[in-house]
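**Q** Below are the structure tokens for one structure; questions will follow.
The values are calculated or read from the model by the stated rules, or taken from the named source; none is laboratory data. All values derive from a computational prediction rather than experimental measurement. Here the Cβ is made from the backbone with ideal geometry for all residues, glycine too, and neighbour counts use every protein chain on show. Protein only, heavy atoms only, side chains kept; ligands, DNA and RNA dropped before computing areas. Shrake-Rupley method; radii C 1.70, N 1.55, O 1.52, S 1.80 Å.
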Amino acid sequence: MIRVAMFDTKEYDEISFEAQAGADISFKYLETKLNEDTASLAAGCDAVCVFVNDTVNKAVIDKLYENGVKLIALRCAGYNNVDLSAAYGKLHVVHVPAYSPYAVAEHTAALLLTSIRRIHKAYNRTRDFNFSLNGLTGFDLHGKTVGVIGTGKIGRIFIDICRGFGMNVIAYDLFPAKDSGITYVTLDELLKKSDIISLHCPLTEDTRHMIDRVAIEKMKKGVVILNTSRGALIDAEALLEGIKARKVGAACLDVYEEEADIFFEDRSGHILNDELLARLISMPNVIVTSHQAFLTEEALHNIAETTISNIRSYFNNEGLIDNELCYHCGHMEQCRKERKQRCF
């Protein structure tokens, strides 16, 4: 029996994983997030299953290793919260590289349409039987230029959606997709030419705060900024300044840099201690959803299926581990394809 401690568990996680677990895997569902104080809860388990806001730094990894844990299974694509260098030689790390790129891309489009056509405002009005159209004027997407930063699977699907609206698409990526038909430009050119900018890139040291005061200053007046990737891609203070200066026309955020202790929980009966987030939410041209872009039935099924397959591939054979993140050669996701063996 493979014993797995799942941290930061929600009801929908338990339902989807129990439906596919099988007799060979036993999950210990924990509502608490993984951190240095809670790592001991994984004692006696063979693996831990973690999500985007769990802390998997060196101290946590050392505690897990001391308690006999052998595998860290991320049930998400991003791994910026895991210290892969500290894990190397102790714990193998796997992730879910693609669960439903359509879910995230479609949510991005939903945020954009909601914002520019004032759907959220109209919904609230009509529930009060207020049928006035004052203040609800939007603009056509057709003919507008959208700049897409990051052209992985999600970015390319979002591009397809935008093309369906008749938009002009330009993109920036350090590793352009070959033979994709996508028009790539420099980041500076994208910032200057785009009416709408959508972020679909991973969070790295190079991309952290890539949307800062300098970047916003280069943008068109009235630009719409979308972020359904990672919160720290945007300097939230700079974004708020841009909104107050009327430089940024609207912002749609499914992620936030300091979301770890806020998102995924009901905080409606509490005072929000994060003043920056409270100020952003109070702006009439800002829409915030709580990291829900991934949340579709199809995505939850795929996340559970791939995570369980990853876990089995580690414990049931001695060969290549499915979707291992490898620190050994510096290529992270690609090295397993080059060496055809485990990271260590």
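**Q** Return yes or no: is GLU333 among the acidic types (Asp, Glu) and modelled with pLDDT of 95 or more?
**A** Against the criterion (among the acidic types (Asp, Glu) and modelled with pLDDT of 95 or more), GLU333 does not qualify.
**Q** Within region 15-22, can one find any residue that is assigned to a loop (DSSP other than H, G, I, E, B), within 23 Å of the chain's Cα centre (by Cα) and touching a residue at least 40 places away in the same chain (Cβ under 8 Å)?
**A** no
**Q** Within region 256-284, can you find the residues that are within 16 Å of GLU237 (Cα to Cα) and either assigned to a loop (DSSP other than H, G, I, E, B) or without any contact (Cβ under 8 Å) to a residue 40 or more places away in the chain (or both)?
**A** Selection gives TYR256, GLU257, GLU258, GLU259, ASN273, ASP274, GLU275, ALA278, ARG279, ILE281, SER282, MET283.
**Q** Can you say whether GLY78 is small (Gly, Ala, Ser), on the phi > 0 side of the Ramachandran plot and in a loop (DSSP other than H, G, I, E, B), as far as the supplied structure shows?
**A** No; evaluated as a whole, the condition is false for this residue.
**Q** Okay, next question. Only one of SER180, SER100, SER85 is more than 23 Å from the chain's Cα centre (by Cα), at pLDDT below 95 and either among the charged types (D, E, K, R) or under 30 Å from ALA299 (Cα atoms) (or both); which?
**A** Checking each option against the conditions leaves just SER180.
**Q** Helices (runs of 4 or more DSSP H) wholly in region 86-195 with at least 1 residues that are of a type in the set (Gly, Ala, Ser) - which ones?
**A** In region 86-195, 101-116, 119-127, 153-164 are the helices (runs of 4 or more DSSP H) which contain 1 or more residues that are of a type in the set (Gly, Ala, Ser).
**Q** Can you find a residue that is open to solvent by less than 10 Å² (accessible area, probe 1.4 Å) and either among the β-branched types (Val, Ile, Thr) or closer than 30 Å to ASN35 by Cβ (or both) anywhere in region 176-188?
**A** no
**Q** Which condition breaks for LEU74 when tested against (1) open to solvent by 10 Å² or more (accessible area, probe 1.4 Å); (2) within 23 Å of ALA232 (Cα to Cα); (3) touching a His at 6+ places or on another chain (Cβ under 9 Å)?
**A** (1)
**Q** Sort through GLY249, GLY222, GLY231 and tell me the only one that's under 14 Å from the mean Cα position of the chain (by Cα) and surrounded by fewer than 22 Cβ atoms within 10 Å (Cβ to Cβ).
**A** Answer to the selection: GLY231.
**Q** Here is a further query. From the residues in region 124-175 that are in contact with a Pro (Cβ under 6 Å, 6 or more places away or on another chain) and open to solvent by 40 Å² or more (accessible area, probe 1.4 Å), which one is nearest to THR114 (Cα to Cα)?
**A** Checked region 124-175; the qualifying residue nearest to THR114 (Cα to Cα) is ILE154.
**Q** Something else about it: With open to solvent by 40 Å² or more (accessible area, probe 1.4 Å) and under 20 Å from LYS90 (Cβ atoms) as the only criterion, which of GLU305, GLU318, GLU324, GLU297 stands out?
**A** Within the list GLU305, GLU318, GLU324, GLU297, the selection yields GLU318.
**Q** Now a separate question. Within region 234-255, can you find the residues that are without any contact (Cβ under 8 Å) to a residue 40 or more places away in the chain, part of a helix (DSSP H, G or I) and either closer than 16 Å to LYS221 by Cβ or not charged (D, E, K, R) (or both)?
**A** ALA238, GLU241, GLY242, LYS244
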